[in-house]
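Report on the following structure.
Only the coordinates and a few stated rules stand behind these numbers; no lab work does. Worth saying up front: this structure is predicted, and the values here are computed from it rather than measured. Reconstructed Cβ throughout: ideal geometry from the backbone, glycine too, with neighbour counts over all protein chains shown.
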Amino acid sequence: MRRPAPRRGPGELSRVAARRLQRQSPPTSAPAPPQGQAAPTAPPTATYQAPAADRFNYVFVMGSGGVFALADHFARAYYQGHAIKQGTSLCGILEAIRGDVEFGTSGDPRRLIGQVVVITHGLADGRVLFPLNDGDKDQWVRPEDVTTILSTDWITRTSLGCRFAARAVAGASDAATWVNVKGCNLGQNPAAVDALRGLFGGQATVTAPKATVRIENLSYGAGVTGRRTAAEAISWMVRNLYLPPDAEAWAPERKEEFVKGLFVANAGPAGIPSDALVLPGGAKVPPSDPRYQENIAVSRPTP
């Protein structure tokens, strides 16, 4: 992981940081689709997905410091309807969710899972780069490890508690559950995406990128095309599916407060968080670009 040099320009706020979820040479600007060529068809997830208030919603940031501090800033900016947790292992994720769906407070009517966002490193061979159990020597999970959790073979790497947690998570998932893994290249391995769907009961929708994901902090102000004012910055966030469409109707004071709140001094990473998909050849495209959505693998049950 490497921090690209900050970009500064007239009128920009002083801090612009960029981080990647995987090593990659500096991307070039994405070319427009050839004239006369239709844009790729986007999957159904290419709309803003508001978290259901009557379900449990989570973001698991699978690390701390460095790029994961930026990921945490991203999560806290855009996933305010989610519980944001620092994840340490796959079993840790399952056990954290089980603690809510099975052992939550008696006054909490929620029992089902809505959205689960996992921000991590991933590889094209289907591994996600965090351990199966806390303390494991191997710092990755393979598709077959997920299959093992779901199997009836009790002589495995997986603890009994993790298996019980997996059953609880599967039982609390249904067709309205969405698991969004932000991990580089993981979507190139359909078996990995399908295995994660199995972990959530088989009825959930699971998405993962087929290429490198880059998280970066951007600025706004005079001279920044498309984000010269707080209102323009909010419109940019709506266009890129970070905020609900009704954010366009916020009062000017609320827009200003939200944007400036992303630049709080001495509070860790500062800036407008964004993510971009780095396509083969280095083209970088934001979520509003159809090519971003075309490079998201989607696993869902067969109708």
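Odds and ends about this structure:
- Full extension of the chain segment joining GLU256 with PHE164 gains 28.5 nm, where the gain is 0.36 nm per residue of separation less the Cα-Cα distance.
- Beta bridges by DSSP in the range 87-212, antiparallel share as percent, to the nearest 5: 20 percent
- Label-to-label distance, ASP54 versus ARG239, with points set 7 angstrom from Cα along the beta-carbon direction: 3.6 nm.
- Cut-off under 5 Å, modelled amide H: who pairs with THR88 long-range: ILE93
- Three-way shape label, the range 209-303, alpha-carbon gyration tensor, a/c 1.5: prolate
- Distance between the pseudo-spin-label points of ALA222 and GLU102 (7 Å out from Cα toward the beta carbon): 6.0 nm.
- Taken over the range 220-270, the ratio of Cα radius of gyration to 2.2 N^0.38 Å equals 1.12.
- Packing-based exposure ordering (other Cβ within 10 Å, fewest first) of SER299, SER288: SER288, SER299
- Inter-site label distance for ARG111 and GLN80 at 7 Å from Cα along Cβ, in nm: 3.1 nm
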